[in-house]
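Enquirer: Structure in structure tokens, see below.
The values are calculated or read from the model by the stated rules, or taken from the named source; none is laboratory data. Predicted model, so just to flag it, every value in this text is computed and none were measured. Note: ideal-geometry Cβ built from the backbone for every residue, glycine included; neighbour counts use all protein chains shown. Please note that ligands, DNA and RNA were not included when accessible areas were found on the heavy atoms of the full protein model with its side chains. Shrake-Rupley method; radii C 1.70, N 1.55, O 1.52, S 1.80 Å.
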Amino acid sequence: MSRDATRRKVNLILNCGSSSVKYKVFVSGAETCLARGVVEKVGSPQAIVRHCDRAGEKDREVADIKNHKQAIQTVLSFLISGGQAIIQEKSQIKAVGHRVVHGGKYSQPVVITKEVKKYLQDVTFELAPLHNPYNFEGIEAVEQVLPGVPNVAVFDTAFHQTLPDYAYMYGIPYRFFKKHLIRKYGFHGTSHQFVSSVASRLLKKRISELKIITVHLGNGSSLAAIKNGKCVDTSMGFTPLEGVMMGTRSGDIDPAAVLHLMMAEELGIHETDTILNKQSGLLGVSGTSNDMREILKSMKSGDARAALAFNMFCYRVKKYIGSYLAVLNGADAIVFTAGIGENSAKTREEILKNAENLGIIIDVRKNRTVKPEKPALISGKNSKVAVFVIPTNEELMISKIMDKINLRHR
Ligand code: AMP
């Protein structure tokens, strides 16, 4: 154990899914990541724990992990007494940050209290039934395993709470907004916030002076229009289904086409939901894969459906960029991030080709030589809009947010 391990305070960041717990540990008040890992197959006797410390040392264990509480206990044992222990005792954990998908009305991260928990259960479970109950389970597990340590919820939706009403409302009877809270919420907010703040640092300008379009392209994809540091529009909606086409999600579609399909195929609500969320997008169009790497490979070997899926994906992202250029009246920067945005030069090139009249010119060589996990400027010298590739780091953003909020405010 290093000498530092005996005294440093850390922030533990958790992302609890239905059967997984992902974690990262940061030195409190700094950007140093000391450890990260994941517990997979939570609820199974063959759960897998993968732990990686700062030096890149990896540890793997197969264990019987029944629930999130046991998963978090296992993570703590790695942190405190693993081969590369990074803290000596639980009391060094200053706070635990939870990535919570849906925050409903919350526009800021919150320290968990009884009232917050009640709101999350009463309101957000219905809004995000596939995510929030598991995020919540993580919060309750930490309350049991680390009593007295503050829990902070950082919501994927929070960054988008600055959208004006004319951007977040849908053109349906107003009473449904009042009664069922039907509106655009947007997701990936922590990622959009993080990469836009890095872009402002790279441009050496205050975020309050900048107009930025952030393009998060992963298995789930979304864009955000950010003006003076505030999000003014985003592509995902009431759920993450709206917006650009994704790995398995359709993205924007005429709702009447869905109704027609339900009638023609005699589909129920759940089947339709599965088709739109799990069987559409790159997977549905190509008929082979939701993974962009596979799509690119198939395209190279002449698969026309893979090429169609790729072209649809890029075209739809380009359309959103165009609409956000209109919303913002031009942009200082466009930022690509997440699995596809960070790693696929071809996708970035296709999206931004023939955009000179919008002031966007990619430097093809720079675009093709982006190094993994490093921010890069890929626009040419005469491009009016700076184009960046910036690796996202939602957990670091959560840790930084935790350093700023008053943890005693409970
Ligand atoms: P994420 O959801 O951000 O983890 O992104 C995952 C997706 O990124 C995968 O499904 C792949 O489609 C994509 N991806 C990762 N690496 C590459 C790569 N080198 N080229 C193209 N796509 C990639």
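Enquirer: Summing +1 for each Lys or Arg and -1 for each Asp or Glu, what net charge is found among the other residues whose Cβ lies under 15 Å from the Cβ of Arg201?
Expert: Net local charge, Arg201 excluded: +2.
Enquirer: Okay, moving on. Hey, any idea what % of segment 309-410's accessible area is carbon plus sulfur with a 1.4 Å probe?
Expert: Heavy-atom surface of segment 309-410 belonging to carbon and sulfur, 1.4 Å probe: 49 percent.
Enquirer: Here is a further query. Could you tell me how many degrees, from 0 to 90 and to the nearest 10, lie between the Cα long axis of helix 304-328 and the main elongation axis, the longest principal axis, of the Cα atoms of the chain?
Expert: So the inclination is approximately 90 degrees.
Enquirer: Report, for the chain, the % of DSSP beta bridges that are antiparallel, rounded to 5.
Expert: The answer is about 70 percent antiparallel.
Enquirer: Next question, about the same structure. For the chain, set up a Gaussian network in which alpha carbons nearer than 10 Å are linked by springs, and say which option among His260, His98, His188 fluctuates the most.
Expert: His260
Enquirer: Still on this structure, I have one more. Provide the per residue accessible area, probe 1.4 Å, for segment 48-132, rounded to a whole number of square angstrom.
Expert: That works out to 50 Å² for each residue.
Enquirer: Then there's this: Would you mind calculating the gained length between Ala63 and Met263 on full extension (0.36 nm times residue separation, minus the Cα-Cα distance), in nm to one decimal?
Expert: Full extension of this stretch gives 67.3 nm more.
Enquirer: Write out the GluC sites (Glu not before Pro) in segment 62-132 meeting two conditions: DSSP loop, and at most 11 other Cβ atoms within 10 Å of their Cβ.
Expert: Within segment 62-132, the qualifying GluC sites (Glu not before Pro) (loop, at most 11 other Cβ atoms within 10 Å) are Glu89.
Enquirer: Can you give me the accessible area per residue for segment 198-248, using a 1.4 Å probe, in Å²?
Expert: That works out to 35 Å² per residue.
Enquirer: Let me ask you something else. Nearest 0.05, what FRET efficiency do Ser19 and Asn329 give at R0 = 45 Å with Cβ-Cβ as r?
Expert: After rounding, the FRET efficiency stands at 0.50.
Enquirer: Could you tell me what percent of the DSSP beta bridges with both partners in segment 1-159 are antiparallel, to the nearest 5?
Expert: The answer is about 75 percent antiparallel.
Enquirer: How much accessible area per residue does segment 258-392 have, in Å², with a 1.4 Å probe?
Expert: 56 Å²
Enquirer: On to the next question. Using the Cα atoms as the points, what is the convex hull volume per residue of segment 55-143 in Å³?
Expert: So the per-residue Cα hull volume is 134 Å³.
Enquirer: I've got another one for you. Can you give the FRET efficiency for Gln73 and Leu407, using 1/(1 + (r/R0)^6), R0 = 22 Å, r = Cβ-Cβ distance, to the nearest 0.05?
Expert: About 0.45, to the nearest 0.05.
Enquirer: For a quick check of understanding: with a 1.4 angstrom probe and all protein chains in place, what accessible area in square angstrom does Ser379 have, to the nearest ten?
Expert: 10 Å²
Enquirer: Oh, and also: Given N residues in segment 140-185, what is its alpha carbon radius of gyration divided by 2.2 N^0.38 Å?
Expert: 1.77
Enquirer: Related question: At 0.36 nm per residue, and after removing the present C-alpha to C-alpha distance, how many nm does the segment from Val123 to Ala307 gain when stretched out fully?
Expert: Stretched fully, the Val123-Ala307 segment lengthens by 62.1 nm.
Enquirer: Going 7 Å from the Cα of Lys178 in the Cα-to-Cβ direction, what parts of segment 96-130 have a backbone nitrogen less than 20 Å from that spot?
Expert: Under 20 Å, as judged by backbone N against the label point of Lys178, lie 105 of segment 96-130.
Enquirer: Separate question: Taking all pairs of different Cα atoms in segment 101-184, averaging 1/r and flipping that mean, what Kirkwood radius in angstroms comes out?
Expert: 13.9 Å
Enquirer: In a GNM of the chain with a 10 Å cut-off on Cα contacts, which of Ala386, Ala95, Ala257 has the highest mean-square fluctuation?
Expert: So, out of Ala386, Ala95, Ala257, the one fluctuating most is Ala257.
Enquirer: Ranked from the most accessible area to the least, with a 1.4 Å probe and all protein chains present, what is the order of Cys33, Cys231?
Expert: Ranking Cys33, Cys231 by accessible area, largest first, yields Cys33, Cys231.
Enquirer: In addition: Report the Cα-based extents of the chain along its three principal axes, largest first, to the nearest Å.
Expert: 58, 53, 44
Enquirer: At q = 0.09, 0.15 Å⁻¹, work out log10 I(q)/I(0) for segment 1-152 with the Debye formula, treating every Cα as an identical point scatterer and leaving solvent out; two decimals please.
Expert: -0.28, -0.76
Enquirer: Select from Pro109, Pro129, Pro375 the residue whose mean-square fluctuation is largest in a Gaussian network model of the chain (Cα-Cα springs shorter than 10 Å).
Expert: Pro129
Enquirer: Another question, if that's okay. Compute the semi-axes of the equivalent ellipsoid of segment 220-280, taking the square root of 5 times each eigenvalue of the Cα gyration tensor, and list them largest first in whole Å.
Expert: 28, 11, 8
Enquirer: For segment 9-125, with the dipole built from +1 on Lys and Arg beta-carbon atoms and -1 on Asp and Glu ones, taken about the Cα centre, which of Gly43, Val100, Ala71 lies farthest toward the positive end?
Expert: Value computed over the given set: Val100.
Enquirer: May I have the pair-distance distribution P(r) for segment 182-270, computed from all Cα-Cα distances with 5 Å bins from 0 and rounded to whole percent?
Expert: Pairs per bin, as whole percents: 3, 14, 20, 18, 15, 11, 8, 5, 3, 2, 1, 0.
Enquirer: Moving on to the next point. Using DSSP to call loops (not H, G, I, E or B), can you name the GluC sites (Glu not before Pro) in segment 189-293 whose Cβ has at most 13 other Cβ atoms within 10 angstrom?
Expert: Of the GluC sites (Glu not before Pro), the ones in loops of segment 189-293 whose Cβ has at most 13 other Cβ atoms within 10 Å are Glu265, Glu266.
Enquirer: FRET efficiency for Tyr166 and Lys366, Cβ-Cβ distance as r, R0 = 41 Å, nearest 0.05?
Expert: It comes out at approximately 0.60.
Enquirer: Can you show me the helix-derived [θ] at 222 nm for the chain, built from DSSP H runs with n ≥ 4 at -39,500 (n - 2.57) apiece and divided by the number of residues, rounded to the nearest 500.
Expert: -10500 deg cm²/dmol
Enquirer: Against the empirical 2.2 N^0.38 Å scaling, what ratio does the C-alpha Rg of segment 253-410 come to?
Expert: The reported ratio for this selection is 1.29.
Enquirer: Using a 1.4 Å probe on the protein heavy atoms, what percent of the accessible area of segment 65-108 belongs to carbon and sulfur?
Expert: 45 percent
Enquirer: So what is the relative contact order for segment 1-139, in percent, with contacts set as C-alpha pairs under 8 Å and at least six apart?
Expert: 25 percent
Enquirer: Further, regarding this structure: How large is Rg/Rh for segment 114-270, to two decimals, with Cα atoms and a Kirkwood Rh?
Expert: Ratio of gyration radius to Kirkwood radius: 1.02.
Enquirer: Right, next: Relative contact order of the chain, please, whole-number percent, based on alpha carbon pairs below 8 angstrom and at least 6 residues apart.
Expert: Here the relative contact order equals 13 percent.
Enquirer: Heavy atoms only, probe 1.4 Å: what % of the accessible area of segment 113-266 goes to carbon and sulfur, would you let me know?
Expert: Result for segment 113-266: 56 percent of the exposed heavy-atom area is carbon or sulfur.
Enquirer: Along segment 19-35, what does the Karplus equation 6.51 cos²θ - 1.76 cosθ + 1.60 (θ = phi - 60°) give for ³J(HN,Hα), rounded to whole Hz, x for Gly and Pro?
Expert: These are the phi-based 3J(HN,Hα) values: 9, 9, 10, 9, 8, 9, 10, 10, 5, 4, x, 9, 9, 6, 8, 8, 6 Hz.
Enquirer: In straight Cα distance, which aspartates and glutamates are under 16 Å from Lys58, not counting same-chain residues fewer than 8 positions off?
Expert: Glu40
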